[in-house]
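Quick notes on the structure that follows.
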Amino acid sequence: MAKQPHLLVEEGDVHDVALIPGNPDRVDRIADQCENAELVSENREYRIVNAEYDGRPLTICSTGIGCPSAAIAIEELANVGVETVIRVGTCGGLQTDVEVGDMVVATGAAKEEGTSKRYESATYPAVPDYDTLTALVDAAEASGEEVHVGPIVSDDAFYNESDEYVEDWEAAGLLAIEMEAAAVFSLARRRGMDAGAICTADGNLVAGTQKGADSDEELPEKARNNVGRAIALTLEAVASL
């Protein structure tokens with residue numbers, strides 16, 4: 001198969017499991033917790049590094065912001081043999097008990113975005129596979145970390161999350177909001193891949209605290225520290241897959 005036009009990789013360049021943060025800089029932060037890290041390609045919002053964790057080969061690939069760019073990454077990773085993708089990112093809390101710095105493992109994602117709807121009906125579920133979901137939760141329990149486990153929402157309009165929307169999402173029991181998981185889950189299912197997501201809250205929309213820092217350095221201290229812990233949990237989960 002030809003080299004993929006956006007990720008600039010071909011079959012054999014990457015491993016079967018890929019961690020997919022949004023921020024390209026977070027690729028390096030994940031790689032810092034691994035061994036034998038090697039840059040594979042870099043183009044636009046996509047940075048790809050191969051590495052090993054506890055002897056387990058893995059790939060780290062950024063997706064940029066939002067479902068459209070995440071969908072490109074999933075499609076092209078599937079084309080070159082990736083079998084499992086795990087989103088590692090940040091989110092905004094939608095329940096009062098989801099505090100800044102808390103970690104959320106998603107059991108599904110509401111489709112408040114347009115990309116997945118180009119592939120399928122909005123009534124089709126955007127959910128992780130059981131094994132990946134369980135691996136993330138088991139890794140948290142084994143390390144003594146407390147995480148929120150439940151449904152989230154993926155939204156396209158970062159600056160149009162009005163009070164009305166937030167109140168509706170809160171009433172529905174959705175734990176947090178982010179911008180990629182619905183497309184990741186939906187496309188992974190359609191491409192025969194496994195998928196999961198763990199995100200760290202960098203704000204809370206119900207409480208009115210700001211979310212969406214440009215870099216990890218700009219995150220509140222607890223959120224910044226727990227992004228690192230979420231990465232560690234994800235790597236432990238990968239080692240068990």
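Here are a few things to note about the model shown:
- Extension gain (nm, one decimal) between A207 and L8, 0.36 nm per residue minus Cα-Cα: 67.5 nm
- Signed unit charges on C-beta, dipole axis of the range 36-111, positive-most listed residue P57, G89, Y46: Y46
- Computed over the chain, the Cα gyration tensor eigenvalues convert (square root of 5λ each) into semi-axes of 26, 20, 16 Å, ordered from largest to smallest.
- Modelled FRET efficiency - R0 25 Å, L241 with E146, Cβ distances, 0.05 increments: 0.65
- Restricted to Cα atoms, the range 26-169 shows a radius of gyration and a Dmax of 16.4, 48 angstrom.
- The range 45-50 - phi-based ³J(HN,Hα) in whole Hz, Karplus 6.51/-1.76/1.60, Gly and Pro as x: 7, 9, 10, 10, 10, 9
- Ordered from longest to shortest, the equivalent ellipsoid semi-axes for the range 76-137 are 23, 18, 12 Å, each the square root of 5 times a Cα gyration tensor eigenvalue.
- Projected label distance in nm at D129 and E83, using a 7 Å step from Cα toward the beta-carbon: 0.8
- Computed from backbone phi, the HN-Hα couplings of the range 118-129 come to 6, 9, 7, 4, 5, 6, 6, x, 9, 9, x, 7 Hz, rounded to whole numbers (Karplus: 6.51 cos²θ - 1.76 cosθ + 1.60, θ = phi - 60°; Gly and Pro given as x).
- Figure legend: label point modelled 7 angstrom from the Cα of D28 along Cα→Cβ; no residues of the range 175-210 have amide N under 14 Å from it.
- Taking amide H as placed 1.01 Å from N in the peptide plane, the amide H of R47 sits under 5 Å from that of S62, each at least 5 places away or on another chain.
- Note on the range 107-210: semi-axes of the ellipsoid equivalent to its C-alpha gyration tensor, largest first and rounded to whole Å, are 22, 20, 10.
- Fully extended contour minus Cα-Cα distance, from D16 to E35, at 0.36 nm per residue: 5.1 nm
- Where only DSSP H runs of four or more residues are counted, the chain gives -10000 deg cm²/dmol as its mean residue ellipticity at 222 nm, each run worth -39500 (n - 2.57).
- Amide H contacts of V149 (H built 1.01 Å from N, in plane; Pro and chain starts excluded): V105 sit under 5 Å, all sequence-distant by 5 or more or on other chains.
- For A37, nonlocal amide neighbours, meaning residues 5 or more places apart or on other chains whose placed amide H falls under 5 Å from its own, are E52.
- With Cα atoms, 0 to 90° folded angle of helix 181-190 axis to the chain main axis: 50
- Between the Cα long axis of helix 130-143 and the first principal axis of the chain there is an angle of about 80°, rounded to the nearest 10.
- Phi angles of the range 61-69 translate, via the Karplus equation with coefficients 6.51, -1.76, 1.60 and θ = phi - 60°, into HN-Hα couplings of 9, 6, 10, x, 9, x, 5, x, 6 Hz per residue; Gly and Pro are given as x.
Taken together, the values in this text are just the output of simple stated rules run on the coordinates, not laboratory data. All values reported here derive from a predicted model rather than from experimental measurement. As a convention, Cβ positions derive from the backbone with ideal geometry for all residues, glycine included, and neighbour counts pool all protein chains shown.
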